[in-house]
Every structure is written in structure tokens, then in C-alpha cells.
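This report refers to the structure that appears directly beneath it.
The values are calculated or read from the model by the stated rules, or taken from the named source; none is laboratory data. Since this is a predicted model, take the numbers as computed values, not measurements. When we count neighbours, we look across all protein chains shown, and the Cβ atoms used for this are built from the backbone with ideal geometry, even at glycine.
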Amino acid sequence: MDPVPKSSPDSQDKQDPSSEQVKCTWDGVKTLDPEQLNPVPKYEFNKPPHKQPNPGPIDHDIQVLTSKLTLKQKIGQMTQLHVGMLMDSNGELDVKAVKYWIDDWGVGSFLETPSNRGGKYLFYSAKQYSMVTDAVQKLALEYGPRIPVIWGLDSVRGANYVKGAVIFPAGIATAATFNPSFAYDAGRIAAKDTRAAGVHWAFAPISDLTVNKLWPRVYENFGEDPYLSSKMTTASISGYQGDYKSDRSRVAACVKHFIGYGSPVDGQDRSNRYIAKHELLEYHVPPFKAAIDAGVATAMESYGVINGVPVVTSQYYLQELLREQLGFNGMLVTDWGEINGQATMYYTAKDISQATMATLNRTSVDMSMVAEDGSFGQTMLDLVNNGYISEARIDESVARILQLKKDLGLLSHPFTDPDLMATVGSAQDVEVARNAVRESVTLLKNKDGVLPLKSTERILYIGPTLNSTRYMGGGWNVRSQGPTDEVGDSVYEGFGDTILGGIEKVTGAAPLYFEGTDIHGSELIDIESIIEAAKLADKIVVGLGETSYAEYRGNIGNMRLPQNQLNLVYTVASASCKPIVVVLVEGRPRILDNVANVADGIVQAYLPGTYGGLPIAEILFGKVNPSGRLPYTYPASESQASTTIWQPSFSTYNPQWAFGFGLGYSHIEYSNIAVTSTTLKVGQPITVSLNVKNNGPYAQKETVLLLTNQEYRFDMAPEHMRLRDFVKVDLAVGETRQISFQLSAEQMGFWDTTLKKRIEPSPLNIYISPYTQANITTQVQLDVDPDLVLAQAS
Ligand code: BGC
């Protein structure tokens with residue numbers, strides 16, 4: 001067995017999900033990066049190319065380079081280790097360890113941030129980070145195969161591990177904007193800030209379909225709808241990658257997690273999923289297909305098992321489906337420790353040798369995110385030397401890895417570009433993030449126009465999420481779990497705001513605030529004083545929500561918000577009888593119980609990121625008109641955890657709030673819906689048009705959604721509704737715009753149980769923004785041959 005120098009405390013997050021959280025001494029201690037950041041306020045960036053580059057084919061020089069490597073060096077290129085294995089116990093780069101992995105084993109890739117080592121809580125600026133990555137790169141050019149390493153980072157919402165880089169709203173909030181340009185911008189800014197740290201590869205976008213809302217990874221993704229998620233995924237990849245083969249301010253994107261990760265049967269992270277093949281193709285695959293069509297350079301397979309079959313060793317998922325049917329030519333990496341996990345966690349292999357052999361021989365996995373031990377190298381050497389894995393199979397993966405390194409410019413320019421560092425945290429980026437929040441915040445309830453608040457009103461502010469940057473950031477912000485309780489907001493040191501801070505900026509006065517209860521709802525605090533203050537107030541704003549978490553550490557058994565958070569609202573409402581506005585800062589839709597009735601106003605802020613405070617305040621005070629729409633179905637009860645807008649139409653769809661729901665302050669009317677033909681036939685798309693009018697009193701960004709439903713579908717239950725298109729338009733007060741959508745019969749194609757994509761004839765209902773105040777409906781006849789096969793899968 002190879003020596004295992006050390007393991008990083010941060011990576012303990014990734015081990016046995018069932019183990020108790022270990023309390024580590026480094027949690028409470030922080031050593032701030034002494035680097036003073038002074039970014040340029042504005043900078044120019046390269047626009048995306050007209051045609052997105054695609055991964056592959058393999059160049060001749062890369063084939064030659066591959067052939068010159070020894071077997072051990074080739075296996076090294078396929079190995080990815082956590083940076084913790086390169087750091088000493090003082091948090092410094094351990095040059096001996098770097099040499100060992102690169103020279104002895106030819107390791108070709110590292111991941112993550114060296115943030116927590118040896119009792120220190122580090123949060124590196126791009127400059128400090130690049131000192132680590134460049135030092136490793138220098139050693140990689142001197143030792144082993146002398147090939148630069150490729151470094152991967154979870155820059156999933158901005159370069160969230162780089163100090164000072166702007167942390168964007170989580171994917172779920174980006175989806176709520178229904179404006180893919182924000183996915184593009186977050187990607188492009190994340191790319192440059194990641195690259196400024198000497199890292200070339202971002203493990204994003206996250207395109208899992210979030211079916212089960214208990215799942216702690218809901219917030220990372222673009223919601224429950226395949227079409228919306230596909231649109232966001234495409235834009236995001238364009239942002240991250242741009243012209244990544246020549247633009248050195250971009251990175252390789254990594255669409256993840258392939259596939260079906262978002263339907264855990266019990267809502268717990270990495271649980272089993274039961275997904276029939278045709279349902280997988282219909283709902284889970286489209287965002288990944290969109291990623292591949294957008295030229296995504298790399299992909300990550302998903303943790304766990306589907307229908308009892310492990311994804312990482314599945315020939316169907318990772319060879320037939322991903323490579324042959326979807327045509328992915330890029331580089332495929334495993335998720336964290338997934339190969340060894342077959343033997344140690346899922347019991348689907350007798351040992352890591354069997355797991356490694358199955359992965360390599362059945363699938364197209366190119367790189368193993370091992371990530372914390374050196375076992376992969378020796379295991380692979382033994383398997384190849386004993387004839388269990390062919391060297392040709394290894395060559396195939398190594399060529400893809402080296403081609404990626406070449407495409408990213410690593411072979412010619414392995415070191416960090418200092419010019420990029422000056423742009424990290426630019427005011428220009430902060431404004432983009434704030435604009436994304438301005439368009440994502442979703443107004444769910446506004447009884448009697450309780451919102452917007454007026455500056456003349458006396459407002460009392462209570463609740464744990466109003467005064468926290470950390471909770472607005474959530475997970476994958478500073479570290480995977482977000483800052484610890486001990487470090488809290490102090491780690492941002494000027495790189496963010498709070499909702500209270502935003503309110504002070506908007507109103508010019510310090511808000512009257514009581515916490516009321518902590519985020520866990522441990523107890524009600526200062527409740528007598530709060531009641532006294534509430535009696536004197538005109539309105540009360542309560543910030544509720546979730547603490548920061550990521551992956552299995554965010555598992556919950558109960559979807560309700562902590563009881564004392566709910567009690568805070570009940571107590572103050574009944575004692576004061578004043579109008580209450582609830583602001584939700586939450587990664588997944590937590591059940592609100594009677595708070596949904598008691599509150600007069602409800603504002604969903606999702607996880608807006610660390611600059612969310614000002615835009616939320618602007619929305620509360622009507623400086624900005626809310627225009628976000630729910631990218632998921634908000635459950636009313638636990639039984640609706642997996643309710644989606646696309647569930648079979650015979651099931652009751654009666655959630656707390658429907659997919660696509662969201663209010664604005666203005667009054668929007670839809671009228672004159674018309675179709676160019678009432679018959680929809682293959683090859684003859686129709687146009688659906690309508691007028692959208694802003695009857696005032698505010699300018700409004702209006703998202704117009706087109707959904708369809710088949711009245712019946714022989715042999716395959718039709719969905720309640722499917723999103724087919726959307727557009728977001730600016731409407732001045734009094735303005736009317738005509739909106740047109742193209743609709744084709746082919747869009748009504750669905751995968752049947754024989755894995756044929758077909759269309760069934762039936763009346764087709766067309767809904768424009770259903771579940772909103774303006775909704776309007778029409779019907780056409782879907783006139784098609786049910787035997788026509790649009791596509792065939794296996
Ligand atoms: C997560 C991935 C992430 C990887 C590296 C895994 O636990 O599932 O999304 O990219 O860790 O941090």
C-alpha cells in the first residue's frame with residue numbers, strides 16, 4: 001500500500017456519510033490571508049465565440065506524447081489527489097510530498113483548496129493561491145513526466161474558494177431569474193477568478209434535476225424542470241468556457257453529476273434512486289445533453305447507485321448513454337473516492353481492485369478523483385501488468401487528459417497570469433451578482449399590498465437570517481460547508497453585506513433588530529422585548545431560513561423549518577396583530593406550516609450569495625420590483641417532497657406554490673392569445689402569440705412561460721404540465737408587448753418504455769404562465785402518427 005502522507009481536515013467532510021461530525025481544533029482558528037485586495041473597478045472581458053469549441057479529436061502531438069509516457073506515468077495522469085496531500089501540518093506546501101507524488105507516481109491532477117491545515121483556517125486570495133499552484137507547477141515541470149498538472153476547483157458560484165472573489169447566487173436562485181444571461185455571467189466571472197488562482201478547471205455547472213426537495217443539494221442546481229435546467233446549463237458552459245482553447249481567462253467546465261443524482265428515494269444525499277430508463281431519458285438527461293451540445297470539456301459521474309446499479313461501474317450510464325448515445329467526447333472524472341467507495345461504502349465490489357477493474361473495463365472514466373490516498377496507482381499497475389486492463393484502454397483516457405491540458409494552454413503557459421488577479425472582486429462583478437439577486441428574489445405572497453415597505457413606516461426586524469452574510473452564502477462559499485459557526489461572518493472582512501446592512505443603505509437609518517432565535521431554533525430569545533417593540537411597529541420583517549451546509553451534512557429528516565423559527569412568527573403575530581413579512585433564506589423549500597397563512601408577505605431569497613443584502617432590501621422597499629419565479633414546486637407538506645410540475649396529470653398537484661409562480665408589484669394582464677393553426681403536425685410548427693400589458697403602477701420585468709399538457713396519452717400517463725419555452729421582458733408602466741412562441745409537434749415527443757421517442761395524438765392544452773395572476777390558456781389538436789419514431793435509444 002502506498003504511504004498516505006496526510007489527510008486534510010476539509011476532506012473529512014467527504015468520508016463516511018454516516019459518521020458523526022468530528023470536532024476539529026482548526027475550526028475555531030483563522031489565519032487571514034494578509035494580502036490586501038484592491039481590485040480594479042472595471043475591466044474588459046472577451047465575448048464568447050460564435051461557435052463554441054468542442055472537446056476532441058486528439059491531436060497528433062498528444063498521441064505522440066501519450067506514447068512516450070511509461071505505464072506508471074500514464075496511470076499518474078489519470079490520478080487526481082486532494083491538495084491536502086501536498087500540505088504539511090503547518091499549512092505550508094510540503095515540497096517533499098509534491099515531489100513524491102509527481103516524481104514517483106506522475107500524478108497529473110490535484111483538486112480543491114488548501115484552506116484548512118494544521119490548526120489554521122486559511123482563505124487564500126488569488127495571489128496566495130497562485131503561489132501554491134505555481135509552485136506545484138514548477139515542480140511538475142522539473143520532475144516525473146514533466147507535464148503541468150491540471151487543477152480542479154469547485155468554483156460553482158463564482159470562485160467561491162478564492163478570497164475576495166464575488167460569490168454569486170446559488171444555482172437555484174440563478175434558475176429563478178429565468179434569465180440565462182446570469183448563468184453566463186456567473187460562469188465567466190468564476191472562470192477568470194479561478195484562473196487567477198492558477199486553476200484551470202471548474203467542477204460546474206451542476207445540472208442534476210432536483211426532484212426530491214429534501215435533498216441537501218437542491219440549491220446547487222437549476223431546479224426541477226428539464227427545459228429550464230438545460231437553458232441555464234448551456235449559458236453557464238458558455239460563460240465558463242468561452243473560447244477555452246484560446247482564451248486564457250476561461251476554464252474547462254465540468255457538467256455534473258452524471259446521472260440521476262437528484263431523485264434520492266428518501267431525500268438523503270447519495271441514497272438509492274429508482275429511475276426507469278425512459279424517465280431518465282425524458283427528465284434527467286436533457287440538461288446533460290444540452291451541456292454536451294454546448295461543448296462541455298469535461299463531465300463528472302454521480303455518486304451512488306440507480307436501481308441498485310453503481311453509476312461509476314455502469315457500462316450503460318458511462319459508456320452507452322454518455323459516450324455513444326449522447327456523443328460526449330470530453331474527459332470524464334469520477335466523483336470523490338467513488339471507485340474505492342464501491343468496496344468501502346456501497347459493497348458492490350469485494351475490494352478496490354475489483355472496483356477499479358470494473359470501472360476501467362466497463363466505462364469510459366478517464367480520471368479517478370481518488371482523492372485522499374495513493375491506492376489508485378498501485379492497483380492500476382497490478383491490474384495492467386496482470387492483463388486485467390489493457391494498456392490501450394489507459395492510452396485512450398490519457399490522451400483525453402493531455403488533450404484537455406493542451407486545449408487549456410497548460411503545455412505552453414502553465415503559470416498564473418498576474419493580470420487576472422487585479423480583476424478579482426471588481427465592483428463590476430459585484431454589480432452583476434447583485435443584479436442576479438434583483439432578478440431572482442421571488443415574491444410568494446403579498447396580502448393587501450403589505451410590500452413594498454415605505455420609508456415612513458416603523459419596521460421591526462427580527463430573525464436569524466437578516467443579520468448574516470454566511471447564511472445568504474450557504475454551502476460552497478469559503479469552504480464546502482460554508483464558514484463554521486466559530487468563524488461566522490468575520491471571514492468575509494468586507495466581501496459581502498447582510499440584509500440589515502442593505503436596509504440601512506436603502507433607508508439611511510439603522511434598523512431596529514432582534515435575533516429572536518438562532519438559526520437552529522434552539523430557543524426564543526428576548527421575546528418580551530420583541531413583543532413590546534412589535535406593538536410599536538407598523539410592520540414586522542422576519543428573516544427565517546437554513547444554516548449553511550453541503551452534501552450529506554445537510555441531510556434532514558423533516559422538511560419543516562425549525563419549530564422555534566415558526567414559533568417566532570406565531571408569537572409575534574398573535575401578540576402584536578401587526579402585518580408580518582417573512583424573508584426566506586434557504587437552500588431548499590422548507591415547509592412553512594401555518595406561517596404560510598399567518599404571514600402577509602413572503603419573499604423567497606433562496607441563497608442569494610454574499611452580496612444579497614442590498615438587493616433584498618431594495619426589493620422590500622420597492623426600489624426594485626421582484627421578478628423571480630419558482631424553479632421548483634414548493635411543497636405544502638412532507639408528502640409533496642417529490643411533487644413536480646411534470647408528475648403524471650392524474651396525481652393531485654396542490655403544492656404550497658407551483659413551479660413558475662411569482663408575483664410582482666405591478667399589475668400585469670395577458671390577452672389576445674392566438675395560434676397560427678389549431679392543428680399541430682410534425683414539420684409544421686405553429687406560433688402562439690399573446691399581448692402582455694403592464695397596467696402599473698411599477699415598471700416590471702415579466703417572465704412569460706409556455707407550458708403544455710396533453711389531455712390523454714395512450715399507454716403513458718401525460719404530465720401535469722411541461723415547460724416548453726419562456727421569455728423575460730421589460731415592461732414600462734402602461735406598456736403592451738406582443739410575445740410570440742414557436743411550438744412544434746416534435747417538442748411533444750416523449751420516451752416510451754421501449755425507449756422510442758414518439759408523439760401521441762390528443763388535444764393539447766397550452767398554458768401561458770399558469771398559476772400566476774395573469775395566466776391565459778388555449779388549446780390545439782396534436783395531430784400526429786403515433787407510430788412515427790423520432791429517436792431510438794437502447
Ligand atoms: C461533490 C462534487 C465535488 C467534489 C469535489 C464531491 O463530494 O459531490 O460535486 O465537485 O466533491 O469537491
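Looking at (1) more than 16 Å from the ligand (Cβ to nearest atom); (2) surrounded by fewer than 22 Cβ atoms within 10 Å (Cβ to Cβ), which is the only condition residue 328 fails?
(2)
Looking at region 353-382 only, could you name the residues that are closer than 18 Å to residue 318 by Cβ and assigned to a helix (DSSP H, G or I)?
Once the filter is applied, which keeps residues that are closer than 18 Å to residue 318 by Cβ and assigned to a helix (DSSP H, G or I), region 353-382 yields 354, 355, 356, 357, 358, 359, 360, 361, 362, 376, 380.
Taking the stated definitions as given, is residue 101 within 16 Å of the ligand (Cβ to nearest atom), of a type in the set (Phe, Trp, Tyr) and assigned by TED's automatic domain parsing to the domain that holds residue 402?
Numbers: within 16 Å of the ligand (Cβ to nearest atom): no; of a type in the set (Phe, Trp, Tyr): yes; assigned by TED's automatic domain parsing to the domain that holds residue 402: yes.
The answer is no for residue 101.
Name the pairs whose Cβ atoms lie under 9 Å apart, with the first residue in region 714-728 and within 17 Å of residue 232 (Cα to Cα) and assigned by TED's automatic domain parsing to the domain that holds residue 768, the second assigned to a loop (DSSP other than H, G, I, E, B) and among the β-branched types (Val, Ile, Thr), and 6 or more positions between them or separate chains?
722/645; 723/645; 728/177
Within region 535-546, does at least one residue satisfy the condition of being more than 30 Å from residue 304 (Cβ to Cβ), more than 16 Å from the ligand (Cβ to nearest atom), in a helix (DSSP H, G or I) and assigned by TED's automatic domain parsing to the domain that holds residue 483?
Yes, some residue in region 535-546 is more than 30 Å from residue 304 (Cβ to Cβ), more than 16 Å from the ligand (Cβ to nearest atom), in a helix (DSSP H, G or I) and assigned by TED's automatic domain parsing to the domain that holds residue 483.
Could you tell me which residue of region 197-227 is surrounded by the most Cβ atoms within 10 Å (Cβ to Cβ), considering only residues that are within 22 Å of residue 367 (Cβ to Cβ) and free of Cβ contacts under 8 Å to residues at least 60 places away in the same chain?
204
So, in region 552-594, how many residues would count as being free of Cβ contacts under 8 Å to residues at least 24 places away in the same chain and under 17 Å from residue 450 (Cβ atoms)?
1
Going through region 600-617 one residue at a time, which ones are surrounded by 24 or more Cβ atoms within 10 Å (Cβ to Cβ) and assigned to a loop (DSSP other than H, G, I, E, B)?
Passing the criteria: 605, 606, 607, 608, 609, 610, 611, 612.
Looking at region 358-365, can you tell me whether even one residue there is among the hydroxyl-bearing types (Ser, Thr, Tyr), within 16 Å of the ligand (Cβ to nearest atom) and within 28 Å of residue 86 (Cα to Cα)?
No, there is no match, as no residue in region 358-365 is among the hydroxyl-bearing types (Ser, Thr, Tyr), within 16 Å of the ligand (Cβ to nearest atom) and within 28 Å of residue 86 (Cα to Cα).
Determine, yes or no, whether residue 565 is crowded, with 24+ Cβ neighbours inside 10 Å, within 24 Å of the chain's Cα centre (by Cα) and assigned by TED's automatic domain parsing to the domain that holds residue 464. I'd like the intermediate steps shown before the answer.
Values: crowded, with 24+ Cβ neighbours inside 10 Å: yes; within 24 Å of the chain's Cα centre (by Cα): no; assigned by TED's automatic domain parsing to the domain that holds residue 464: yes.
No; evaluated as a whole, the condition is false for this residue.
Just one of the numbered conditions (1) modelled with pLDDT under 95; (2) among the charged types (D, E, K, R); (3) crowded, with 19+ Cβ neighbours inside 10 Å is not true of residue 715; which one?
The single condition residue 715 does not satisfy is (3).
Among the listed residues 127, 51, identify the single one that is more than 16 Å from the ligand (Cβ to nearest atom) and farther than 24 Å from residue 297 by Cα.
The conditions single out 127.
For residue 106, are the conditions met, namely being surrounded by 24 or more Cβ atoms within 10 Å (Cβ to Cβ), farther than 30 Å from residue 488 by Cα and not hydroxyl-bearing (Ser, Thr, Tyr)?
Taking the combined requirement at face value, the residue satisfies it.
Among the residues of region 207-246 satisfying the criterion of being over 17 Å from residue 189 (Cβ atoms) and among the aliphatic types (A, V, I, L, M), which is nearest to the ligand (Cβ to nearest atom)?
218
Go through region 250-297 and give me each residue that's within 16 Å of the chain's Cα centre (by Cα), within 15 Å of the ligand (Cβ to nearest atom) and hydroxyl-bearing (Ser, Thr, Tyr).
Within region 250-297, just 261 meets the criteria.
For every residue, the table says whether it meets (1) under 30 Å from residue 425 (Cβ atoms); (2) assigned to a loop (DSSP other than H, G, I, E, B).
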position	(1), (2)
564	no, no
569	no, no
575	no, no
619	yes, no
627	yes, yes
636	no, yes
669	no, no
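Working carefully through the options 484, 498, find the one that is closer than 27 Å to residue 621 by Cα and away from the ligand (no atom under 16 Å from the Cβ).
498
Mind listing whichever residues of region 548-562 are more than 16 Å from the ligand (Cβ to nearest atom) and either part of a helix (DSSP H, G or I) or of a type outside the set (A, V, I, L, M, F, W, C) (or both)?
Residues satisfying the conditions are 557, 558, 560, 562.
Can you tell me how many residues within region 56-105 are out of contact with any Pro (no Cβ under 6 Å at 6 or more places or on another chain), on the phi < 0 side of the Ramachandran plot and assigned to a loop (DSSP other than H, G, I, E, B)?
11
Go through region 292-324 residue by residue and tally those that are farther than 23 Å from residue 150 by Cβ and in a strand (DSSP E or B).
Total meeting the criteria: 4.
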